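Asker: Following this message is one structure expressed as C-alpha cells.
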Amino acid sequence: MKVLLISPNTLTVPYPVYPIGLDYVAGCLAAEHQVEIADLNIIDREGLASLLLDFSPDIIGLSLRNVDNTEIETPLFFIEEYKELVAWLRARSQAVLVCGGAGFTILPQEIFAALDLDYGIIGEGERFGLLVDALANKHSLSDIPGLLSHSGPAQVPAPWTGKQQRHVPRSTAHYQFYLDHGGMLNLQTKRGCSFRCIYCPYPHIEGKTQRLLPPDEVARTALGLEQAGAKYFFITDSIFNSDIGHSLAVAKAFQQCGVSIPWGGFFAPLKLPKGYFKTMHEAGLKHVEFGTESLCRKMLQNYRKPFQPEDVLTAHRQALDAELHVAHYFLMGGPGESENTVQETLTNIASLNKTVLFFFTGIRIYPHTALYDLALAEDQISATTDLLKPVFYESDAITHQAIEKAILHQAGKRINWIVGSGGTEAAATVSKMHQRGYTGPLWEYLIR
Ligand code: B12
C-alpha cells in the first residue's frame with residue numbers, strides 16, 4: 001500500500017511544532033508499505049497536488065493535533081481549515097482518508113461528523129498499521145481497537161502494548177523548516193498521565209497509566225535528531241518529572257550517549273529530591289515550564305493538583321539554583337475561583353522571582369474530565385452540547401474578563417506577565433528572532 005501522512009498544522013504560536021506524532025505513525029507501518037510524509041509547514045498546496053499525482057496514495061492519514069487554541073480572549077478554531085483540506089484532497093485523490101491525533105482523540109465523533117473521513121483512530125497512532133494491513137489484505141476491520149467508521153462509533157482503546165517505533169527520517173529537508181525557525185525538534189520519553197487534574201484531557205489522550213520508553217532508546221533518538229541539525233529539544237511528555245527515577249535515567253542516558261544540545265519540557269512543581277534540577281542541568285536541561293495553574297491553596301485543591309503553593313515556591317527556587325530558565329503556566333477561572341482566590345494567586349506570585357508567567361483565563365470543558373461532569377451538574381452544558389467549538393467553564397463568582405483585568409492591573413508594565421500564548425504580536429517577535437538565528441523557546445528573553 002502507498003501511504004501518505006499529512007500534518008496540516010501550520011500554527012506558528014508560540015512557535016512551529018515539529019509533527020512528532022506522524023513519526024510514530026510512519027514507524028508502525030510494515031516494511032512492504034511505502035510511506036511519504038507531507039508537512040504543510042514545508043510543502044504548499046501546489047507541491048501537495050504534485051505529490052498526490054506522482055505518489056498516488058492508497059491511504060491518506062491526517063494528523064489532527066489542534067482543534068483550537070484554547071484561548072478565551074483570542075480564539076482560533078481550525079476545523080474549518082481541515083474541512084477545506086479534506087474536500088480539496090477528495091477532489092484530487094481516491095485514497096481512503098483516515099484521521100487521528102491528540103485533538104481528534106479528545107472529540108472523535110464530533111470531528112468525524114464534521115469532516116468527510118472514511119476512518120478515525122482514537123488514541124495512539126500505532127493502530128494505523130493494523131488498519132493499513134487489514135485494508136491491504138481485505139481483512140475484517142472489526143477487531144481494530146479504537147477504529148471509528150461509518151458503520152459505528154468506537155470504544156476508547158486500551159493503551160497500545162505492541163511495537164512502538166519512531167521513524168526518524170534521514171533527509172535534512174524533512175526538518176529544515178524547524179531548523180530555520182528556532183532549531184527545535186521534539187522527543188517523547190513516556191506515554192500516559194496518572195494525575196487526576198479535573199480539567200485535563202491528557203489521561204484520556206495518552207492513557208491513565210504511564211508507559212516508560214527505555215532511556216537509552218530515547219537518547220539514541222535524541223542523538224539522531226541532534227546529528228540531523230536540531231539545536232534544542234522539547235520533551236513532549238505531559239509531565240516529564242511525573243516519574244522522577246525515569247526522568248533522571250533519561251538525563252543520564254543523554255550524557256552517556258553524548259547528546260550535547262539543550263532541552264526543556266513540562267514539569268510539575270512536586271516535592272523533588274535534593275539536587276534533582278542540578279543533575280538535570282548537567283545533562284542539558286535549560287528550560288523548565290511548570291504547570292502550576294494557581295497559587296491559591298483552595299484552587300489547587302479544587303483542581304486536584306498534587307502539590308501546594310509552598311511546593312511551587314520550593315521547586316521554583318530549586319530550578320533557579322540550578323541556573324535554569326523557569327516559566328509558570330496559570331489556568332484561572334475554574335470551579336470556586338473568585339476575586340479572593342485570584343488575589344491570593346496574584347499575591348503569591350510576588351514570591352516567584354526571575355521567571356515568565358503565562359496566564360490562561362478560561363478553562364475549556366473537555367469530555368472525559370471531572371470538570372465536564374461538574375459543568376453538567378451545574379447546567380453549564382447539557383449531554384448534547386457540542387464541545388467541538390470551545391465552551392469554557394464559568395465560575396459563578398467571577399468572570400474571565402474580571403480575572404484578566406486583575407492580572408493586567410497587577411502586571412502593570414512588566415513584560416514577563418503574558419496572557420495566553422502572547423498572540424500574533426508574540427508570534428511576530430518570535431519569527432523575527434528565528435530569522436536572526438535565535439534558537440529554543442525564546443521566552444527566556446522575557447525573564448524578569
Ligand atoms: C507538548 C505539547 C505542546 C508543546 C509542543 C512543543 C514541541 N516542540 O513539540 C507546546 C508547549 C509548544 C504546545 C503548544 C500548543 N499546544 Co500543545 N500539547 C502538547 C502535548 C502535551 C503533547 C503533544 C505531543 O507532542 N505528544 C507526543 C506525540 C508523539 O503524540 P501525538 O502528536 O498526539 O501523536 C500520537 C497520537 O495522537 C497519534 N497520531 C498523531 N497523528 C496521527 C495521525 C493519524 C492518521 C493517526 C491514525 C494517529 C495519529 O499517534 C501518535 C503516537 O501515538 C499535548 C497534550 C497531550 N498529552 O497530547 C498538547 C496539545 C496537543 N496542545 C494543545 C494546544 C491547544 C496547543 C496550543 C494551541 C496552545 C496555545 N494556545 O499556544 C499550542 C499550539 C502549538 C503549535 N504550533 O501547534 C491541545 C490540542 C487540543 C485542542 N484543544 O486543540 C493539546 C491536546 C493539549 C490540550 N489542551 O488538551 N503544546
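Asker: So which trypsin sites (Lys or Arg not before Pro) in region 235-275 pass both tests, a DSSP loop state and at most 16 other Cβ atoms within 10 Å of the Cβ?
Answerer: 271, 274
Asker: Hey, can you grab everything whose amide H is under 5 Å from the amide H of residue 70? Only 5+ residues off in sequence or another chain; H modelled, so Pro and N-termini drop out.
Answerer: So residue 70 has HN proximity to 76.
Asker: Using R₀ = 51 Å, calculate the FRET efficiency as 1/(1 + (r/R₀)^6) where r is the Cβ-Cβ separation of residue 49 and residue 370; round to 0.05.
Answerer: Given R0 = 51 Å and the Cβ-Cβ separation, E is 0.65.
Asker: Would you mind telling me which residue in 159, 16, 273 has the biggest mean-square fluctuation in a Gaussian network model of the chain, where springs connect alpha carbons within a distance under 10 angstrom?
Answerer: Residue with maximal mean-square fluctuation among 159, 16, 273: 273.
Asker: If we count every other residue with Cβ under 10 angstrom of residue 33's Cβ, Lys/Arg +1 and Asp/Glu -1, where does the sum land?
Answerer: -2
Asker: Related question: Which trypsin sites (Lys or Arg not before Pro) from region 161-249 combine a DSSP loop assignment with at most 13 other Cβ atoms within 10 Å?
Answerer: When the trypsin sites (Lys or Arg not before Pro) of region 161-249 are filtered for loop state and at most 13 Cβ neighbours within 10 Å, 163, 170, 208 remain.
Asker: To continue, here is another question. Tell me, 263, 88, 417 in order of fewest to most beta-carbon neighbours within 10 Å?
Answerer: 88, 417, 263
Asker: Next question. With 10 angstrom as the radius, rank 80, 36 by how many other C-beta atoms surround their C-beta, starting from the fewest.
Answerer: With the fewest neighbours first, 80, 36 line up as 80, 36.
Asker: Summing +1 for each Lys or Arg and -1 for each Asp or Glu, what net charge is found among the other residues whose Cβ lies under 9 Å from the Cβ of residue 440?
Answerer: For residues surrounding residue 440, the net value is +1.
Asker: Setting aside same-chain residues fewer than 8 positions from residue 432, which lysines have a Cα under 23 Å from its Cα?
Answerer: Candidates past the 8-residue exclusion: 231, 286, 413.
Asker: Check the chain for me: any Cys whose beta-carbon has no other cysteine beta-carbon within less than 4.7 Å?
Answerer: 28, 99, 193, 257, 296
Asker: Report, in degrees rounded to the nearest 10, the 0 to 90 angle that the Cα long axis of helix 400-411 makes with the longest principal axis of the chain.
Answerer: With both axes taken from Cα atoms, the answer is about 60 degrees.
Asker: When averaged across all projection directions, what area in nm² does the alpha-carbon convex hull of region 1-127 cover?
Answerer: The number I arrive at for region 1-127 is 7.6 nm².
Asker: What net charge is computed for the residues neighbouring residue 75, neighbours being all others with C-beta under 13 Å from the C-beta of residue 75, Lys and Arg scored +1, Asp and Glu -1?
Answerer: Net charge around residue 75: -2.
Asker: Quick check on the chain: helices-only [θ] at 222 nm, where DSSP H runs of length 4 and up contribute -39,500 (n - 2.57) each and the sum goes over total residues. Nearest 500, please.
Answerer: -10500 deg cm²/dmol
Asker: Oh, and also: For region 177-446, report the convex hull volume of the alpha-carbon atoms normalised per residue, in Å³, without decimals.
Answerer: Hull volume over Cα atoms, normalised by residue count, gives 131 Å³.
Asker: May I pose another question? Bin width 5 Å, alpha-carbon pairs only: give the P(r) of region 64-106 as whole percents, running from 0 to the bin holding the largest distance.
Answerer: 5, 19, 24, 23, 16, 8, 4, 2, 0
Asker: Which ordering of 433, 280 is given by a fewest-first count of other beta-carbon atoms within 10 Å?
Answerer: Least crowded to most crowded, the residues run 433, 280.
Asker: Sticking with this structure for a sec: Sequence gap at least 6, Cα distance under 8 Å: using those rules, report the relative contact order of the chain to the nearest whole percent.
Answerer: 15
Asker: Which whole-angstrom value gives the distance between the alpha carbon centres of region 1-55 and region 369-384?
Answerer: 37
Taken together, the values in this text are just the output of simple stated rules run on the coordinates, not laboratory data. None of these values were measured; they are calculated from a predicted model. Every residue, glycine among them, receives a Cβ derived from its backbone with ideal geometry; neighbour counts consider all protein chains shown.
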